[in-house]
1. Could you grab me the full set of residues in the range 244-279 that are touching a residue at least 60 places away in the same chain (Cβ under 8 Å), surrounded by fewer than 13 Cβ atoms within 10 Å (Cβ to Cβ) and in a loop (DSSP other than H, G, I, E, B)?
2. When the range 94-140 is examined, which residues are found to be farther than 26 Å from residue 247 by Cα, surrounded by fewer than 21 Cβ atoms within 10 Å (Cβ to Cβ) and over 20 Å from the mean Cα position of the chain (by Cα)?
3. Restricting attention to the range 186-207, which residues are within 12 Å of the ligand (Cβ to nearest atom) and part of a loop (DSSP other than H, G, I, E, B)?
4. Could you tell me whether any residue of the range 70-78 is without any contact (Cβ under 8 Å) to a residue 24 or more places away in the chain and more than 16 Å from the ligand (Cβ to nearest atom)?
5. When the range 117-145 is examined, which residues are found to be out of contact with any strand residue (DSSP E or B) (no Cβ under 8 Å at 6 or more places or on another chain), under 20 Å from residue 76 (Cα atoms) and either assigned to a loop (DSSP other than H, G, I, E, B) or away from the ligand (no atom under 12 Å from the Cβ) (or both)?
6. Of all residues in the range 307-320, which are out of contact with any helix residue (DSSP H, G or I) (no Cβ under 6 Å at 6 or more places or on another chain) and either surrounded by 15 or more Cβ atoms within 10 Å (Cβ to Cβ) or not assigned by TED's automatic domain parsing to the domain that holds residue 254 (or both)?
7. Can you pull out every residue in the range 146-171 that is surrounded by 20 or more Cβ atoms within 10 Å (Cβ to Cβ), more than 13 Å from the ligand (Cβ to nearest atom) and either under 20 Å from residue 230 (Cβ atoms) or within 17 Å of the chain's Cα centre (by Cα) (or both)?
Ligand code: F7E
C-alpha cells in the first residue's frame, strides 16, 4: 500500500487530494498545525479516512517526526499562508511559512529514511502568483518570474529550492505552478468564494450588497478538484519536473460576477456591487493566463470543469448551504 503525507490538509486542495488518494487506495496522513485546531474535527468529519498528525512547517523536528510516523512514499507540500493580501501585513510570517517552510520540508525529506528503504517523492505547490508582473503571455514553465507580493516572493523561493534539491541531491522533487483554482471548499477571503457566498445571501435577502476591490483583475480560474489530479500525475512520472497547471482561459472579475448573479436571476449587478479601496492591493497582479501544453503532453492532464460550470457550482453550493441554514432557523 502506498502512503502519502500532505501538508495543508485543511485547505481545499488538501481535502480534494486526500479524497483522490484514498480512492486510489493510499494510506493518507495529513499534517495539522497548532493546539486545539478547530479544523481537526472538520477534517475528521469530512474526510474520515485521513490520519492526522500535528506539526508545523516552521518546525523542522516536527516534520521529521511526521515523516517517521507516516513513512510516506509521496509528500505533497500544500501548506502555506496563501492569502496574497495578508502577505503585505505579515511579510515575515509569510516568508517563514510559505518560503522557508518549503526548505524545512525538503530538508526533512532529505534527512529522513523510510524503514523499508523506499524513496520519497516530493511535490511543491508553486503558484502563478510568481509571474506577477507578467513578462510573457501566456505564462509557461520558462517565463521569467516577477513576483508582486511577499507571498509571491516566498513562493519563488520555495520553487527554486525545490529545483535546487532536485539538482543537488537527485531528489524526485516536482513543482506544480498552479494558476488560481477554486471550489465550494475555497476560503471565504478569496474573491471567487466571497462573490458566490454574497450572491447566494443577496438572492435570499440576507445581505444587501457586496464590496470588492479591483474588478478589472483577470485570472485563469480552474476547478481545484481537477488540479489535484495533476499533482498526483507529477509524482507518477519517472523524472521529476516543473509544470504549469492552468485552463488557458482568462476571465475578469466582472465576468465572474455576470455569471454568478445570472445564476440567481439577477441580470444587472451594478447597483449591488461597490468598490472599496480597502480591498485594493499595494501592488496588483493585473492578469494571468497559463499555457499548460507541457502538462497536456507529458502528464496527459487536462482540466474538465469549465469557467461557467465552476461559477455555477460555487453559487449553487452556497445557495443550498444558506437555504439549509435558514430552514434550521
Ligand atoms: O484575488 C482581486 C484581487 O484573493 C484574485 C491564491 O490561491 O491564487 C490566489 O491568489 C484577484 C486579485 O486570489 C477582491 O486584487 C478584487 O487581483 O481570489 P484572490 P489571488 O490573489 O489571485 C494564487 C494562484 C495563489 O497562489 C494564492 O494562494 O481578485 N480582488 N476584489 C479581490 N480579491 C479578494 N480576495 N477580495 C476582494 O474583495
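1. Once the filter is applied, which keeps residues that are touching a residue at least 60 places away in the same chain (Cβ under 8 Å), surrounded by fewer than 13 Cβ atoms within 10 Å (Cβ to Cβ) and in a loop (DSSP other than H, G, I, E, B), the range 244-279 yields 265, 276.
2. 107, 110, 111, 112, 113, 114, 115, 116, 117, 118, 119
3. 186, 187, 188, 189, 190
4. Among the residues of the range 70-78, not one is without any contact (Cβ under 8 Å) to a residue 24 or more places away in the chain and more than 16 Å from the ligand (Cβ to nearest atom), which makes the answer no.
5. 117, 118, 119 - these are the residues of the range 117-145 that are out of contact with any strand residue (DSSP E or B) (no Cβ under 8 Å at 6 or more places or on another chain), under 20 Å from residue 76 (Cα atoms) and either assigned to a loop (DSSP other than H, G, I, E, B) or away from the ligand (no atom under 12 Å from the Cβ) (or both).
6. If the condition is that a residue be out of contact with any helix residue (DSSP H, G or I) (no Cβ under 6 Å at 6 or more places or on another chain) and either surrounded by 15 or more Cβ atoms within 10 Å (Cβ to Cβ) or not assigned by TED's automatic domain parsing to the domain that holds residue 254 (or both), then 307, 310, 313, 316, 317 are the ones that fit.
7. Once the filter is applied, which keeps residues that are surrounded by 20 or more Cβ atoms within 10 Å (Cβ to Cβ), more than 13 Å from the ligand (Cβ to nearest atom) and either under 20 Å from residue 230 (Cβ atoms) or within 17 Å of the chain's Cα centre (by Cα) (or both), the range 146-171 yields 162, 166.
So that you can scan it fast, the table gives a plain yes or no per residue for (1) touching a helix residue (DSSP H, G or I) at 6+ places or on another chain (Cβ under 9 Å); (2) in a loop (DSSP other than H, G, I, E, B):
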{"residue": "4", "(1), (2)": "yes, no"}
{"residue": "21", "(1), (2)": "yes, no"}
{"residue": "36", "(1), (2)": "no, yes"}
{"residue": "81", "(1), (2)": "yes, yes"}
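The values are calculated or read from the model by the stated rules, or taken from the named source; none is laboratory data. Fair warning: this is a prediction, and the values are worked out from it, not measured in the lab. With ideal geometry, Cβ positions are generated from the backbone for all residues, glycine too; neighbour counts draw on all protein chains shown.
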